[in-house]
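The values are calculated or read from the model by the stated rules, or taken from the named source; none is laboratory data. None of the values given here were measured: they were computed from a predicted structure. Note that we place each Cβ from the backbone using ideal geometry, even for glycine, and neighbour counts take in every protein chain shown.
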Amino acid sequence: MEETRVNYIDFIHEHPLVFKEDLENDGNKEAVCSRCQEPVLGPGYKCSECYFLLHKSCHELPPEIHHHCLHPNHTLILRAPSKSNTCDACLEKCSRRLFYRCDTCDFDLDINCVYRWRSSIDECRQHLFVPILNQIQFICEACGEETKDIAYLCSICRFLVHQKCAGYPRTISTTVHNHSLTLTCSLHQMVEEKDDILCKLCHRKVKTKYGVYYCQDCRYAAHLQCARKCQGEYMDLSATTESVPCESDLVSEIKHISHEHKLIISKKELEDDKICEGCMLSISPPFYSCEQCNFFLHGRCTILSSKKQHLLHRHPLTLLLQASSPSGIFRCYACDRFQHGFCYRCDLCRNKFDIQCSSLPETLKHEGHQHSLFIGLNRDKIICNGCYDKDRPSHLFVCKKCETFGLCVRCATLPYRIRYEYDLHDYLTLTYSVEDDSGEYYCFICEKSRDSRKWFYYCKECDFAAHPDCVIGKYSRIKFGRTFTCREYHDQHQPLTVVQKNEYSAPCDTCGTTFNGLAVACTQCKFNSHLFTWLWGSESICATRKIRSRNMLQ
């Protein structure tokens, strides 16, 4: 029989203890553990000078525990048996067994009840929830919200939750983290109390004593609600996407699938504003151009990944060189801008994202705020501090330090400096506070008043101020003059041109109303009509009317 002497004296026993591999076969068949009063079987500790015995597990009891189920708010301290204390779980005296105690609440729990009532719901492999049909006031042990409602109690581990929280799966995969996340309610035991654990999806603080989805390898945490919102068809991009080179690897000449001719690289600034055919933003070096055509493409837009995932969307995205709509125009799901150019499309939702929005980093340092901003779910319904639009976006760049500051994607992607042809100094600067204390502020372009809270473009030398939309234009990313053919618009197969109309233009030939700006026209038969581009990219003319009815009347 293996025997190990230890220099450990138990805090309720004065003699050294000897470790035995099998106490049952060592003449102790009717003996009980001096700590839990249960029969001694298997490995344990024995005193050679008296009849003191210990289970191995009882010897290894931690001096402090946090019992999530019976006493979640405070730490319990291990104590020696006491005739004056009563276990609050079984209501028996603690005179024969060790027990854990909270002095703050005068709460006692003997060690048998510690294991009878599981110390952590994470040990419960499969919850068996039973509804408590009478509405009660309680704090949900999963999400931490206090409510008066029908509660669900696990008959195994006594886990008390809302109905919605009872349905959370044990393990979840999201589109924003490479590993699966595990539901845990004992995160406080894995991290130090001084550590501020933030949800990686909304960047709010995580209450570690309640439920959280967690990746222990990466220390990645997410609120239950946030993780479920980002749960989707996760795709291993490394298995489906080609290796994408970096900009430093750009070659001098390429043949790109978006253009019929060879493209030559250039690293010089252009005097005139040119637009990249991929992202529809002003061209900047390094870029590729065609010597035969007025075609330009950023170097970074030639090395885009064919597949990607982004925090802005729960499903994988696929690169398209042109939106599937007849005109090639789409509406970006993130920034709400109409535009031509490349896009990333979700094959499940049909939502489309422009190149700029689909490439946004998770962390942003913006000139308009002193702290770093993090893109996340807008669970607090924060209003954008750039435009103060009442339609609160689902995703927002938020500040961890200033809990009320946020930027919508549209404002976060506004250019800091922009060329304006009618300003003497060429460039206007994005400005975040009013230019003076007059109390009256106007846009010099539309001549309407400006909200003093909202961002605007400004030239200090000229004292010129204007709304961002007035400077940039509502359709700055549309290639006006681009043609396409579509029978839904024009039965005669004549090319239609994307044009811009205003309230002074002739009414729409289909519905008879004036224009809102974006239109299609046929120069051969003088036909013009509204162009409606829905969020998912399909088009209709003036709701449900068809141009065929007009042709039949001619």
All conditions in (1) in a strand (DSSP E or B); (2) under 28 Å from Thr174 (Cβ atoms); (3) not hydroxyl-bearing (Ser, Thr, Tyr) are true of Cys349 except (1)
The correct count of residues that are at pLDDT 90 or above and basic (Lys, Arg) in the stretch 360-388 is 1
Select from the stretch 376-409 the residues that are more than 17 Å from Lys200 (Cα to Cα) and polar (S, T, N, Q) and write down the one among them that is surrounded by the most Cβ atoms within 10 Å (Cβ to Cβ). Asn385
Scanning the stretch 265-299 for residues that are part of a loop (DSSP other than H, G, I, E, B) and of a type in the set (S, T, N, Q), which turns out farthest from Gly473 (Cα to Cα)? Gln292
Residues of the stretch 101-112 being of a type in the set (Ser, Thr, Tyr) and in contact with a Cys (Cβ under 9 Å, 6 or more places away or on another chain), in sequence order, are none
Residue hits (the stretch 38-61; over 18 Å from Pro16 (Cβ atoms) and either in a strand (DSSP E or B) or modelled with pLDDT of 80 or more (or both)) are Pro39
Positions within the stretch 280-294 being under 36 Å from the mean Cα position of the chain (by Cα) and either among the aliphatic types (A, V, I, L, M) or surrounded by fewer than 20 Cβ atoms within 10 Å (Cβ to Cβ) (or both), in sequence order: Met280, Leu281, Ser282, Ile283, Ser284, Pro285, Pro286
Looking at Asp469, is it assigned to a loop (DSSP other than H, G, I, E, B) and either within 38 Å of the chain's Cα centre (by Cα) or exposed (fewer than 15 other Cβ atoms within 10 Å of the Cβ) (or both)? no
Where Ile65 falls short, out of the listed (1) under 26 Å from Thr184 (Cα atoms); (2) in a loop (DSSP other than H, G, I, E, B): (2)
Taking the stretch 304-344 and keeping residues of a type outside the set (S, T, N, Q) and modelled with pLDDT under 90 leaves Lys308, His310, Leu311, Leu312, His313, Arg314, His315, Pro316, Pro326
Listed residues Cys486, Cys525; which is modelled with pLDDT under 85, in contact with a Pro (Cβ under 6 Å, 6 or more places away or on another chain) and assigned to a loop (DSSP other than H, G, I, E, B)? Cys486
